[in-house]
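Worksheet for the structure shown next.
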Amino acid sequence: EGAEGESMSTLPPLRMERVAVETAWGGRRLEIVPGIPLPPAKRIGETWELADHDAGMTSVAGPSACTLRALMEQHAPEILGRAKANDFGRFPLLFKFIHAAAPLSVQVHPGDCLLYTSDATSSKCLW
């Protein structure tokens, strides 16, 4: 057992296969910095390094090739430690690199907290 009586993980270190996201505003710069191999002849705006999302799912590299979602279904406590899954039982974060070859608008993803407040400036929902 680990610190404070927590179970030690039985999962080995995992290397994930990223998802390259083609966008109209993307380019090829992620090949240079940070040096990510990209699919040929595509405008890549983002790479998702760790994602449990319906639009793109990272997988374990190698022969097992199971998805992050499958890992979460079988090993969530080992993967998350003290953290919690999102409301759908999925990995709660999406790690990505972004390259915008063209200007982008600002995007805000405030989440469900706005559904529960009548005033978007409420102190109960900060974003």
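Worth pointing out:
- Note that region 25-39 has calculated 3J(HN,Hα) couplings of 9, x, x, 10, 4, 4, 5, 8, 10, x, x, 8, x, 10, x Hz, one per residue in order, obtained from phi through the Karplus relation 6.51 cos²θ - 1.76 cosθ + 1.60 (θ = phi - 60°); glycine and proline are x.
- A simple packing score, the average count of other Cβ atoms within 10 Å per residue, orders the peptides 41-49, 16-24 as 41-49, 16-24, with the highest score first.
Computed from the coordinates by the stated procedures, all read-outs in this text should not be read as laboratory data. If you're wondering where the values come from, they're calculated on a predicted model, not measured in any experiment. A quick note on method: Cβ atoms are made from the backbone with ideal geometry, for glycine too, and the neighbour counts reach across all protein chains shown.
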